């Protein structure tokens, strides 16, 4: 849907963001690459480098907050790795591409002809600047809401990976806390061959830390590992 003549040039971007700027000049600055200013020399216009600096810090806080809420049992190291992947240049560029952000960036002619609208460095910088601009315009809650929408798929993928990799996390955690390697034991098996269910228990230093069932040994091991991680965090164990 094309903007009407009375709409700002970035109105369509605002609709994709789900956020309308009270101060449109902040959005303009967030989208202005230094190469554009080098050619246009527009008085009063600034490039997006300062907003990028601010947006980097805002995004780190927003993503940290979202991860803390989604993963209450994950360690600081695990949260840091997940955050680093989401706010990496590649992660930011993917989010920017999904918005079609490149079409709204003000680029100098040479940078534009060199494919700047698809360069990960330019896209990631512009996205950070945009988050910084939203923070200045509408506050932390507004920046958080936009970031959650933009990085929703990345957060869901992180949640999916967290659910399916409990065994690896348990092995790392048990070595760090107990200097012990978890033992996975099949303690039960029932049902016909075409619909078997398995019960797996996890032992650490001879103590049981988790027991769960599943339609396969792998599924049961992952579920039991999730329980064992929770038990380790709470200092429990059978």
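Just a few scattered comments:
- Members of segment 188-212 that are outside any loop (DSSP other than H, G, I, E, B) and surrounded by fewer than 16 Cβ atoms within 10 Å (Cβ to Cβ): 188, 189, 190, 193, 194, 195, 197, 207
- The C-beta contact set for segment 1-28 (first residue more than 18 Å from residue 136 (Cα to Cα), second residue at pLDDT 90 or above, distance under 6 angstrom, 6+ apart or interchain) comprises 3/12; 8/24; 16/99.
- A single entry from 230, 176 fulfils the requirement of being closer than 22 Å to residue 72 by Cα, out of contact with any helix residue (DSSP H, G or I) (no Cβ under 8 Å at 6 or more places or on another chain) and surrounded by 13 or more Cβ atoms within 10 Å (Cβ to Cβ): 230.
- Taking the conditions (1) more than 28 Å from residue 15 (Cβ to Cβ); (2) touching a residue at least 60 places away in the same chain (Cβ under 8 Å); (3) loosely packed, with under 13 Cβ neighbours inside 10 Å in turn, residue 100 satisfies each one other than (1).
- Residue within segment 127-143 that is outside any helix (DSSP H, G or I) and modelled with pLDDT of 95 or more present: yes
- Residue selection: residue 216 satisfies the criterion of being more than 24 Å from residue 71 (Cα to Cα) and within 31 Å of the chain's Cα centre (by Cα).
- Hits in segment 64-76 - residues which are surrounded by 14 or more Cβ atoms within 10 Å (Cβ to Cβ) and either touching a strand residue (DSSP E or B) at 6+ places or on another chain (Cβ under 6 Å) or part of a helix (DSSP H, G or I) (or both): 64, 65, 66, 67, 70
- Applying the set (1) surrounded by 14 or more Cβ atoms within 10 Å (Cβ to Cβ); (2) under 30 Å from residue 230 (Cβ atoms); (3) modelled with pLDDT under 90 to residue 61 leaves exactly one unmet item: (3).
Matching residues to (1) assigned to a helix (DSSP H, G or I); (2) within 21 Å of the chain's Cα centre (by Cα); (3) farther than 17 Å from residue 148 by Cβ:
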| residue | (1), (2), (3) |
| --- | --- |
| 39 | yes, no, yes |
| 44 | no, no, yes |
| 58 | yes, yes, no |
| 78 | yes, yes, yes |
| 82 | yes, yes, no |
| 93 | yes, yes, yes |
| 117 | yes, no, yes |
| 121 | yes, yes, yes |
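- Selected residue (criterion: farthest from residue 134 (Cα to Cα)) from residues of segment 60-76 that are in contact (Cβ under 8 Å) with a residue 60 or more places away in the chain and under 10 Å from the mean Cα position of the chain (by Cα): 67
The values are calculated or read from the model by the stated rules, or taken from the named source; none is laboratory data. It should be emphasised that the depicted structure is a prediction, and the values quoted were computed from it without experimental measurement. Positions of Cβ are generated from backbone atoms using ideal geometry, with glycine treated the same way; all protein chains shown enter the neighbour counts.
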